[in-house]
Amino acid sequence: MSANLRVAVVGVGHLGQHHARILAAMDGVDLVGVVDAQRERAHEIAGKYGTTAFTDARELQDGVDAVTIAVPTGMHLDVALPFLERRVAALVEKPLAASLDQADRMIAAAGQHGAVLAVGHTERFNPAVEAARPLIADPRFVEVHRLGTFPERSLDIDVIFDLMIHDLDVLLSIVRSEVASVEAVGVNVLTPRTDIANVRVRFASGCIANLTASRISRERVRKIRFFQRDAYVSIDYAAREVEVYRVVRQNGRPAIEGGRLPVPDDEPLRRELEDFVEAARGRRQPGVTGRQGRDALALATLIADRMREG
């Protein structure tokens, strides 16, 4: 491994272009290439960030220490596997794979060859989530709303795998309890896929989470609220704000106190990529492992199955 970590970005569309932007400016990193099936797009982003354009990821397999992969979900396995088999660290955008079998193949390859496998669940690196996490203990009810306007991308997958999976990952990382049951309903509105979904997840701990995800809203909302004994914690992912309210005793009577917490104004994707680079450099576990990415995918798959049954 060279003094600087040699990193490439595979797929420089809506999200991958930001991977390239951040990595090109990161200390200790050489952005050695960007890959995109559209030659013009590859050259555009390569020129913007002073690197080399490629149209085939295989051209890079022996010249990198780490890659980030932001191609359509159905291509994740085919792109990631050759890198993992060469012990090249890979960060794969969420969802980890198009199926649990494909996720298992990636995890097995990473384990067999000693490669770092990270999954791009960016909300885990949201400074608001990190600020709120120490304040959340044994939540009893969680309310989640992730509403977005109709996109021009990711229409090949249900809204569960596109949007809701962010919150499923955060939920699993905080509640830390087995899923006991799932109720779900989804509606196709503008595409053949599920465009709006509502899910109720009951955990073995007794916690219940109600999640709504939509890509056909007229407004953008990204919020998660935790209710626990004597406390309420609200996270606004988009605004990167946290509010906490607690029940206290004043003169023997209950009262509510609290307010907004200070939150660093850091870009979640930058934090995620910094964590990945350090994990690749030190061959340590990343902030979101392949196994954790699979757990979120497994819950999303169970939800999709419940919708089909209903």
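The values are calculated or read from the model by the stated rules, or taken from the named source; none is laboratory data. As the structure is a computational prediction, the values presented were derived from the model and not from experiment. So basically every Cβ, Gly included, is an ideal-geometry build from the backbone, and we count neighbours across all protein chains shown.
Numbers for the structure displayed
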read-out	value
Some residue of region 247-257 being surrounded by 13 or more Cβ atoms within 10 Å (Cβ to Cβ), closer than 19 Å to residue 169 by Cβ and assigned by TED's automatic domain parsing to the domain that holds residue 195	no
Leading residue by the ranking (surrounded by the fewest Cβ atoms within 10 Å (Cβ to Cβ)) among those in region 135-155 that are more than 24 Å from residue 247 (Cβ to Cβ) and at pLDDT 90 or above	145
Qualifying residue in region 277-292 (condition: under 20 Å from residue 175 (Cβ atoms), free of Cβ contacts under 8 Å to residues at least 40 places away in the same chain and in contact with a strand residue (DSSP E or B) (Cβ under 7 Å, 6 or more places away or on another chain))	no
Verdict on residue 95 being in contact with a Ser or Thr (Cβ under 7 Å, 6 or more places away or on another chain) and not aliphatic (A, V, I, L, M)	yes
Unique match (being crowded, with 24+ Cβ neighbours inside 10 Å and of a type outside the set (Phe, Trp, Tyr)) among 158, 236, 230	158
Subset of region 276-310 that is at pLDDT 95 or above, assigned to a loop (DSSP other than H, G, I, E, B) and not β-branched (Val, Ile, Thr) - its residue that is surrounded by the most Cβ atoms within 10 Å (Cβ to Cβ)	286
Candidate set: region 254-266, residues that are outside any loop (DSSP other than H, G, I, E, B) and of a type in the set (A, V, I, L, M); chosen: the one farthest from residue 132 (Cα to Cα)	255
Condition met for residue 29 (in contact with a Leu (Cβ under 8 Å, 6 or more places away or on another chain) and without any contact (Cβ under 8 Å) to a residue 40 or more places away in the chain)	no
Filtered residues of region 194-223 (kept if surrounded by fewer than 19 Cβ atoms within 10 Å (Cβ to Cβ), charged (D, E, K, R) and touching a residue at least 24 places away in the same chain (Cβ under 8 Å))	218, 219, 220, 223
Set 269, 273: member being in contact with a His (Cβ under 9 Å, 6 or more places away or on another chain), surrounded by fewer than 18 Cβ atoms within 10 Å (Cβ to Cβ) and part of a helix (DSSP H, G or I)	269
In region 214-227, residue nearest to residue 299 (Cα to Cα) [restricted to those that are touching a helix residue (DSSP H, G or I) at 6+ places or on another chain (Cβ under 9 Å) and either acidic (Asp, Glu) or modelled with pLDDT of 95 or more (or both)]	224
